[in-house]
C-alpha cells in the first residue's frame, strides 16, 4: 500500500458515522432487553411437576423452628421470577409414577407390549436360600417426594435406586427357598424388598418414595427349567387331587349327616308308633278284661270266634274230626267258602264263621 492509498483509507475512516452505528446498536440492545424481560421472568409449571427455585445457583429455602431446611417450590401454574438468570427454575416430575425394570426392558408399550429379556442375566439371576438359582424379573415403581433432595442430596438418583433395589432383592431372595420364590411367598418377598429399598433411600435422603415392588416373572434357569416344569405339574396335579377330595368330602359328609338324621327321625317315629300301639293294646286288653269280668262265657266265645275268623281264611284245607263219628268226614273247601263269603256280606267275618259252622253241622247231620 502506497502513501496515496493510505490517505484515502484514512479519509474514509474519518467520514464513517460511528456515532450513528453506536446509537443503533444501543437501541437494538435496549429493545432486546425489554422484550426478553417477560420471557425470563414468567414460567409455567405443569400439573404433575414442582418447580425448584435457585437464586444465583443456591436453593431458595427457609429455616424452620426445628432447624430443618424448608425448600420453596413452585406449584403447578404460572409464576414469575427474577430475570436474566438471577432466578433459575428446575422442574421436577414430582407427581408422576416412574418405574425401573430389572432383568428385562420394555421394547414397546401398547396394546401388545413387547419385552427384551436377553442380555440382562447379571440383573435377574439370584441365589436362593437353599442354594438354587432363580431367574427373577421385577419392577420398582417410585415417585419423587422431596425434589430438593432428589436434585442435590444424591448425584445420580436413578442409578442409586437401581443399585439399592438390586442389592435389596438379592438379600431378600437369599432368605427364601426356590419353592417359596416360585410359588406362595412372592407377596411377602415383594413387601420385604420394598421396605428394605425405602429404608436405604431414606438413609441417603434421596427424596424418592417407593410405591410398588412387583415380581414380574420368576423362572428357574433354562438348563433346569424342564425339571422344574415337571415339579410344578406334579404339584398342580396334587392340588387338583386335594381339591377334588375336598369337594367329595363336602358333598358326601352332608349327605351322610342328612341320612343319619333321617334314620334317627324314622327310628324315633317308629318308637313313638310302637309305644302308642302298645298303649292302645293295653287299653284294649283292659276293656276286654272288664267285659270278660262282666260276662266271661260270652266274651270267651266271641274272642274264640274272632280268632278263628282270622286264622281259618289263611288255611288251604280244613279237616273237622268228630269224636263220636266212626268214619272220616268230608273235606271242607275253605277257598270256595271264602269266595262265597266275599260274594255275600264281606263286612261281617263272624257271619262267615257261623256259615262254616252251619255247613259243618249239616255235614255232621247228613252223616
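The values are calculated or read from the model by the stated rules, or taken from the named source; none is laboratory data. Since we're looking at a predicted model, the values are computed, not measured. Heads up, the Cβs are rebuilt from the backbone with ideal geometry, glycines too, and the neighbour counts pull from every protein chain shown.
Out of (1) out of contact with any strand residue (DSSP E or B) (no Cβ under 9 Å at 6 or more places or on another chain); (2) part of a helix (DSSP H, G or I), what's the single condition that is false for residue 228?
Of everything listed in (1) out of contact with any strand residue (DSSP E or B) (no Cβ under 9 Å at 6 or more places or on another chain); (2) part of a helix (DSSP H, G or I), residue 228 misses just condition (1).
If residue 183 satisfies all but one of (1) more than 19 Å from residue 130 (Cα to Cα); (2) exposed (fewer than 14 other Cβ atoms within 10 Å of the Cβ); (3) assigned by TED's automatic domain parsing to the domain that holds residue 132, what's the number of the condition it fails?
So residue 183 meets the others, but not (1).
Conditions (1) closer than 30 Å to residue 224 by Cβ; (2) part of a helix (DSSP H, G or I); (3) at pLDDT 90 or above; (4) not assigned by TED's automatic domain parsing to the domain that holds residue 230, marked per residue:
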| residue | (1), (2), (3), (4) |
| --- | --- |
| 107 | yes, no, no, yes |
| 130 | yes, no, no, yes |
| 148 | no, yes, no, yes |
| 196 | yes, yes, yes, yes |
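Under the condition of being outside any loop (DSSP other than H, G, I, E, B) and at pLDDT 80 or above, which residue from segment 109-128 is surrounded by the fewest Cβ atoms within 10 Å (Cβ to Cβ)?
Going through the qualifying residues, I end up with 122.
Can you go through 154, 140 and tell me which one is touching a strand residue (DSSP E or B) at 6+ places or on another chain (Cβ under 7 Å) and either buried (at least 16 other Cβ atoms within 10 Å of the Cβ) or in the same structural domain as residue 192 (by TED's automatic domain parsing) (or both)?
Exactly one residue qualifies, and that residue is 140.
If you take the residues in segment 80-108 that are more than 27 Å from residue 166 (Cα to Cα) and touching a strand residue (DSSP E or B) at 6+ places or on another chain (Cβ under 6 Å), which one is surrounded by the fewest Cβ atoms within 10 Å (Cβ to Cβ)? Reasoning before the result, please.
Narrowing segment 80-108 to residues more than 27 Å from residue 166 (Cα to Cα): 80-91.
Now narrow it down to the ones that are touching a strand residue (DSSP E or B) at 6+ places or on another chain (Cβ under 6 Å): 80-81, 87-91.
Details: 80: 12, 81: 19, 87: 18, 88: 15, 89: 15, 90: 15, 91: 16.
Here the answer is 80.
Pairs under 6 Å by beta carbon, first residue free of Cβ contacts under 8 Å to residues at least 12 places away in the same chain in segment 280-292, partner surrounded by 10 or more Cβ atoms within 10 Å (Cβ to Cβ) and in a helix (DSSP H, G or I), six or more apart or different chains?
Taking only residues 6 or more apart or on different chains, the pairs are 291/299; 292/299.
Looking at (1) assigned to a strand (DSSP E or B); (2) under 45 Å from the mean Cα position of the chain (by Cα); (3) at pLDDT 80 or above; (4) closer than 20 Å to residue 150 by Cβ, which is the only condition residue 70 fails?
Condition (3) is where residue 70 drops out.
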